[in-house]
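The values are calculated or read from the model by the stated rules, or taken from the named source; none is laboratory data. Everything numeric in this text was worked out from a predicted model, so none of it was measured. Glycine also receives a Cβ, built like all others from the backbone with ideal geometry; neighbour counts cover every protein chain displayed. Ligands, DNA and RNA are excluded from the accessible area calculation, which covers all protein heavy atoms including side chains. Shrake-Rupley method; radii C 1.70, N 1.55, O 1.52, S 1.80 Å.
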Amino acid sequence: MNKKIIFYIPSIEGGGVEKNLYLMIKYLPKHIGKIHIITADKKNKKYRNIEFICPNTNFWSKKSRILKNIICIFLLFKNFWSSKAVILSFQSNVTSIILSKILRFKVLIRLNTSLKKYFKNFFKRIVLQFFYSLSDVIIVNSKFFQRELYDVNLKSHLIYNLNSFKKKRKRLNFFRNFKGLKILNIGRLTDQKDQITLIKSLEILKKKGIDFKCCIIGRGTFKDILLSEIKNLNLYKNISLVGFKNNAEHYISESDIFVSSSKFEGLPNVLIESQKYAVPIIASNCPTGPNEILMNGKLGELFPVGNYRVLAKKLIRFSQSKKNLKTKSLMALKYLKRFDPSINSQKYSNLILNEYEKI
């Protein structure tokens, strides 16, 4: 039987997980061989040594992740039933583990978001502990995340997110020649990203007479909730929800400050991208990632999760004097090597090939 290397990612939607996937594809060493990517989203783009195994239609692109996962299970059995393989799972990790046991594959799972929201529920905690313990390798993207797993007797390998050092600069029309404070937030419009906290903090800025514009990039189920809050606080002239943007990095380079208000994260790429442009950052001190990226406040400002008053104070202080945060953002450039795509892709390659040799 032929040995195969399979990346399992049912939904390629354009977020941080997908950015890591494509950077990994670009920087993986040639000797790793051919990679097969299973996804429910139609892909036509060609990559060296990469084969996309996906439907020949866009029909499934707008469907739920559950349906996409079912499609990917079918594709996996159809194409690899008689093979020996190593799976690197980016999503639907429990499914990947079950499939690997049925097909006798080796499986590496990549966890990208803090598990605290699941571990609060005793039943979910026991289920996840059991299934994750059956994987051959667990990969996490922060030291804090690694400690979370260690506390429930799960060992893991730390590989930081990959981020390209190439800057993308393009003049945008959103901020135009606006002279006030230019604030940016990028993230799905969901409870996790908690843009409500950001919006509430901006009401305080308006009451203090601070001239500002805030751009929120992303799409999601909380759009109507956020729009209602913006209207209720009379901030519709100050805050714009501009939807999903493929060129989100252009907005980073045009902004004065990036704000992340999440309740939980993995290792948020948008913070790393903001550091690349030396844009000052204020982020919630949520599990996991922001504290690690900002080195406990050395490279940016942190505020307690959900505390819009503290966030407002930090934004007001920044509007009055940008020197302190600007100094921290320039210092952050020295620590970007942690996210070097060539170094971290090599780490993935070593883990994959190590399991490959065990087949």
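Quick look at the numbers
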| quantity | calculated |
| --- | --- |
| Some residue of segment 151-168 being buried (at least 17 other Cβ atoms within 10 Å of the Cβ), among the acidic types (D, E) and over 19 Å from the mean Cα position of the chain (by Cα) | no |
| Counted residues, segment 139-150 - those being without any contact (Cβ under 8 Å) to a residue 40 or more places away in the chain, more than 17 Å from the chain's Cα centre (by Cα) and open to solvent by 10 Å² or more (accessible area, probe 1.4 Å) | 2 |
| All positions within segment 318-332 that are exposed (fewer than 14 other Cβ atoms within 10 Å of the Cβ) and either of a type outside the set (A, V, I, L, M) or more than 26 Å from the chain's Cα centre (by Cα) (or both) | Q320, S321, K323, N324, T327 |
| First in segment 221-239 and among the hydroxyl-bearing types (S, T, Y), second anywhere and in a loop (DSSP other than H, G, I, E, B) and open to solvent by less than 80 Å² (accessible area, probe 1.4 Å), Cβ under 8 Å, 6 or more apart | T221/L189; T221/T190 |
| Pairs where the first residue, in segment 67-80, is of a type in the set (S, T, N, Q) and the second is part of a helix (DSSP H, G or I), C-beta under 6 Å, 6+ apart | N69/T95 |
| Complete set of residues in segment 303-317 that are open to solvent by less than 70 Å² (accessible area, probe 1.4 Å), assigned to a helix (DSSP H, G or I), farther than 18 Å from D256 by Cα and touching a residue at least 12 places away in the same chain (Cβ under 8 Å) | Y308 |
| Counted residues, segment 169-216 - those being touching a residue at least 40 places away in the same chain (Cβ under 8 Å) and open to solvent by 70 Å² or more (accessible area, probe 1.4 Å) | 7 |
| Cross-chain or 6+ apart pairs with Cβ under 9 Å, segment 83-95 first and on the phi > 0 side of the Ramachandran plot, then surrounded by 21 or more Cβ atoms within 10 Å (Cβ to Cβ) and of a type in the set (S, T, N, Q) | S92/S11 |
| Condition check for F258: open to solvent by 10 Å² or more (accessible area, probe 1.4 Å), in contact (Cβ under 8 Å) with a residue 12 or more places away in the chain, of a type in the set (F, W, Y) and not in a helix (DSSP H, G or I) | no |
| Single condition K26 does not satisfy, out of (1) of a type in the set (D, E, K, R); (2) more than 26 Å from L267 (Cα to Cα); (3) outside any loop (DSSP other than H, G, I, E, B) | (2) |
| Residue that is least open to solvent (accessible area, probe 1.4 Å) [pool: residues in segment 238-255 that are modelled with pLDDT under 95 and in a loop (DSSP other than H, G, I, E, B)] | S255 |
| Tally of residues being outside any helix (DSSP H, G or I) and touching a Ser or Thr at 6+ places or on another chain (Cβ under 9 Å) across segment 318-339 | 0 |
| Some residue of segment 55-64 being closer than 28 Å to Y27 by Cα and in contact with a Ser or Thr (Cβ under 6 Å, 6 or more places away or on another chain) | no |
